[in-house]
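Just so it is clear, none of the values below were taken in a lab; they were calculated from the coordinates. Remember, predicted model here, so these are calculated numbers, not experimental data. Glycine gets a Cβ as well: all are built from the backbone with ideal geometry, and neighbour counts include every protein chain shown.
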Amino acid sequence: PNGAYAYIASRASSMLTIFDTARNVVTGRIPVPDGGPQFVAFSPDGARAYVSIYSDDGAVNEVGVLDTATAQFTARIPVGVKPFALDVLPDGSRVYVPNHDSSSISVIDTARNAVVATIAVAPNPHWVDVSRDGTRLYAANHESNVISVIDTATDRVLATVPVGVSPHSILAHPDLPYVYNVNYDDSTLSVTDTARHAVVAPVATGTHPQDVSLAPDGRHGYVVAVDADTVQVFDTAAFRVTATVPTGNSPTSVAVAPDGRRAYVTNLKDGTLTVLDTVD
């Protein structure tokens, strides 16, 4: 959360890579013995990292709780089948885990390190994001072409919104009433009005967008397109792309530093990290 380090989940090598953002160097690697790590989310204070983990044979489906000070896993929490991109409430009390092959979201109580609820959603939830105020959870349901809007107080689905084809990742704007999701199979970004629960704008992207991230001030967003080898910058209020920047081979995810001055893009096929100066 303070931007000092990034954790990169390397599922093929069953490893978390620790990256020093000040020096742009790898400083450590943490083995993940139970299976391939998929995605990482942090507690608000950065003391814990929650790692979604599953094995190719389907035997392991869990969230690992990592103590970031000791680099040791302190708990392993069974969840649904193929846990994907999870998120944490702003107060750190709960973790929401989309289970791709279970059509569900597991709700983890962080004090107990246990699943306390399971939310049924449309098939193949791929990614979730919690609103800044913690009252809403948004889920991109990859094979159903919809996103789900969930009340975190009741863990009930409030709305299901049709978007593009194969929604992959999703992110709520910190201030504006919009949710952004990329659609892998029609190469678009959908902008959903959270008051109306309806898409207000589709934005063309590079081929096969996989991830979307926002600058801390919310003025710009960043989309990586895995088969275009680019990251696109878009205006979050005007719904238009303002710049396209080359990356490495097959970019899959993007994260922005807390001060907004750097963006970090993982490149699948060449095993590298592209660091972008967002100011220049």
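Could you compute the FRET efficiency for His197 and Ala120, with r as their C-beta to C-beta distance and R0 at 30 Å, rounded to 0.05? About 0.95, to the nearest 0.05. The label-point distance for Ser13 and Asp259, in a model that sets each label 7 Å from Cα toward Cβ, rounds to 2.8 nm. With N as its number of residues, the chain has a Cα radius of gyration that, divided by 2.2 N^0.38 Å, comes to 0.92. Label sites at Ala59 and Asp155, each approximated as a point 7 angstrom past Cα along Cα to Cβ, lie 2.9 nm apart.
Note down the net charge around Ile150, summing +1 for each Lys or Arg and -1 for each Asp or Glu among other residues with Cβ under 13 Å from its Cβ.
Numbers: positive: Arg94, Arg136, Arg156; negative: Asp87, Asp129, Asp151, Asp155.
Residues close to Ile150 contribute a combined charge of -1.
When peptides 128-139, 253-264, 93-104 are ranked by their average number of other Cβ atoms within 10 Å per residue, the highest-first order is 93-104, 128-139, 253-264.
All other residues whose Cβ lies under 13 angstrom from that of Val115 are scored, Lys and Arg at +1 and Asp and Glu at -1, for a net of 0.
In segment 62-190, Cα pairs under 8 Å separated by at least six residues give a relative contact order of 15 percent. Taking label points 7 Å from Cα along the Cα-to-Cβ direction, Asp175 and Val26 give a separation of 3.8 nm.
In terms of its Cα atoms, segment 194-280 spans 41, 28, 19 Å along the principal axes, sorted from long to short. Under the criterion of Cα pairs below 8 Å and six or more residues apart, the relative contact order for the chain equals 7 percent.
How much FRET efficiency would the formula 1/(1 + (r/R0)^6) give for Ala243 and Glu143, where r is the Cβ-Cβ distance and R0 is 41 Å, rounded to 0.05? Walk me through the numbers on the way to the answer.
Values: r = 32 Å, r/R0 = 0.77.
E between Ala243 and Glu143, to the nearest 0.05, is 0.85.
Neighbours of Val130 by Cβ distance under 11 Å: Lys/Arg scored +1, Asp/Glu scored -1, total -1.
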